[in-house]
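Notes to accompany the following structure.
Read-outs: derived from the displayed coordinates by stated rules, not from any lab. What you are looking at is a predicted structure, and each value in this text was computed from that prediction instead of being measured. Here the Cβ positions follow ideal geometry from the backbone for every residue, glycine too, while neighbour counts run over all protein chains shown.
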Amino acid sequence: MGFSIFAAMIHHIVVSREAAKNLEQAAEEQEALRGKVWVLEDSLSVGPLDRGEAEGFTIRRQQYWSLLKGQEVDPIPDMERIGELSARLYRHEEEEAWFWLSSSADDLAAYLWSLPYMVKHLGRYRILSFARLPFLNEAGTVFYPQHLGEISIPELVKARKLAIPLTEQEAAFDLEHAQQLRDEGAALRLSTGSKKLVSVGEDYFDPLILDALPPRFMRGSRWLSLLRSQHQIAAPSRFLVWRIKQAAQEGKVAIRGDLNRDLKDWEIAKPEQQGATHPADQVKDQ
């Protein structure tokens, strides 16, 4: 299906495949949102944001996730995607890019990281921030979405009015904040609820993790869900599992199963539980 001659093509930028689902359908079917969806897949709220001395950003991120997972992982080509999008905007000056921005640390980190490339297209770069704004679900009830994938297609069409061009002044402020985060080089970044992140140490969530350990063995997927809901922890699961590995090495956590497998394939409990595999057996890769 061709594009309308009356509206410029929109390049939608969204963080995570899960969040992109409804938007991809809307971008294909709805004239008001017609365009292409560019999905950034990395969770930039954790790990390095700089390019490193020689390896480059993509390789540096690959090395980080390989360390956390305990085995080599595939590179995430977010840098290549942003570069391709920027080049496309240079070739087609009538087209626009919209960044769909929630208040999550992953969204904010991706926006700040990509800004040096997208700031070259001021006037055609819009930020669509839906954080803390009410939407209607399929039952017609008001709710406040945490990520884009929760918003229905009709509500996405309405939300297009929130797409505000990024100003030069805002861009300068955000670029300074992005540089600050790179310079700090923290392992973990948290959302402040506004368009800023705060850097904290990698052990920031450790007290909550240890305090939330169940007295009896519980499947990892269920326990992690409870941990998130009770303490509003939004850090990536792989990062939290890595912190559990560190705690297991110190004998602070009892584990049954293999922490390198899916969340449903291992169990966790307070360290006094009997019959747990010795922590060293679970963290050989560390």
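Only loop residues by DSSP count here, and only those with at most 15 other Cβ atoms within 10 Å; note down the GluC sites (Glu not before Pro) in segment 206-277 that meet that.
In loop regions of segment 206-277 (DSSP not H, G, I, E or B), the sparsely surrounded GluC sites (Glu not before Pro) are 250, 272.
With a cut-off of at most 16 other beta carbons within 10 Å, and DSSP calling the residue loop, which GluC sites (Glu not before Pro) in segment 118-161 qualify? Please list them.
Answer in residue order: 138.
Compute the length gained on full extension between residue 21 and residue 198: take 0.36 nm times their separation in residues and subtract their Cα-Cα distance, giving the result in nm to one decimal.
Residue separation times 0.36 nm, minus the Cα-Cα distance, leaves 60.8 nm.
Among the trypsin sites (Lys or Arg not before Pro) in segment 168-198, which ones are in a DSSP loop with at most 13 other Cβ atoms within 10 Å of the Cβ? Mind listing them?
Hits after loop and neighbour filter: nothing returned.
Quick one: Debye curve from the alpha-carbon atoms of the chain only, equal weights, vacuum; give me log10 I(q)/I(0) at q = 0.07, 0.08, 0.13 Å⁻¹ to two decimals.
Per q value, in the given order, log10 I(q)/I(0) is -0.30, -0.39, -0.95.
What ranking do 120, 245 get, fewest neighbouring Cβ atoms within 10 angstrom at the top?
Least crowded to most crowded, the residues run 120, 245.
Output the relative contact order of the chain, whole-number percent, from Cα pairs under 8 angstrom with separation of 6+ residues.
Reported relative contact order: 17 percent.
Roughly how large, in nm² to one decimal, is the mean projection of the convex hull of the alpha-carbon atoms in segment 206-282? Display every interim value, and only then the final one.
Values: hull surface 17.2 nm².
Averaged projected area of segment 206-282's Cα convex hull equals 4.3 nm².
Kindly identify segment 1-116 as rounded, prolate or oblate by the Cα gyration tensor criterion: order the square roots of the eigenvalues as a ≥ b ≥ c, call it rounded if a/c is under 1.5, otherwise compare a/b with b/c, prolate if a/b is larger, else oblate.
prolate
When the chain is fully extended, how far beyond the present Cα-Cα distance does residue 272 get from residue 183, taking 0.36 nm per residue of separation? Intermediate values should be presented prior to the final figure.
On the way: separation 89, 0.36 × 89 = 32.04 nm, distance 4.12 nm.
Working it through step by step, the gained length comes to 27.9 nm.
What is the gain in length, in nm to one decimal, between residue 87 and residue 219 on full extension, counting 0.36 nm per residue of separation less the C-alpha to C-alpha distance?
42.9 nm
Using a basic spin-label model with each label point 7 Å from the Cα along Cα→Cβ, how many nm lie between residue 146 and residue 29?
2.6 nm
What 222 nm value per residue comes from the helices of the chain, counting each DSSP H run with n ≥ 4 as -39,500 (n - 2.57) and dividing by all residues, nearest 500 deg cm²/dmol?
Working: 10 runs with 113 residues, N = 286.
The per-residue figure over the chain is -12000 deg cm²/dmol.
Test of understanding: ordering 206, 78 by Cβ neighbours within 10 Å, fewest first, what list do you get? Write down the numbers at each step before the final one.
Working: 206 15, 78 21.
With the sparsest Cβ surroundings first, the list reads 206, 78.
Taking 30 Å as the cut-off for C-alpha to C-alpha distance, list the pairs among 158/196; 120/161; 21/245; 36/196; 196/264 that go past it.
Among 158/196; 120/161; 21/245; 36/196; 196/264, the Cα-Cα distance tops 30 Å for 21/245; 196/264.
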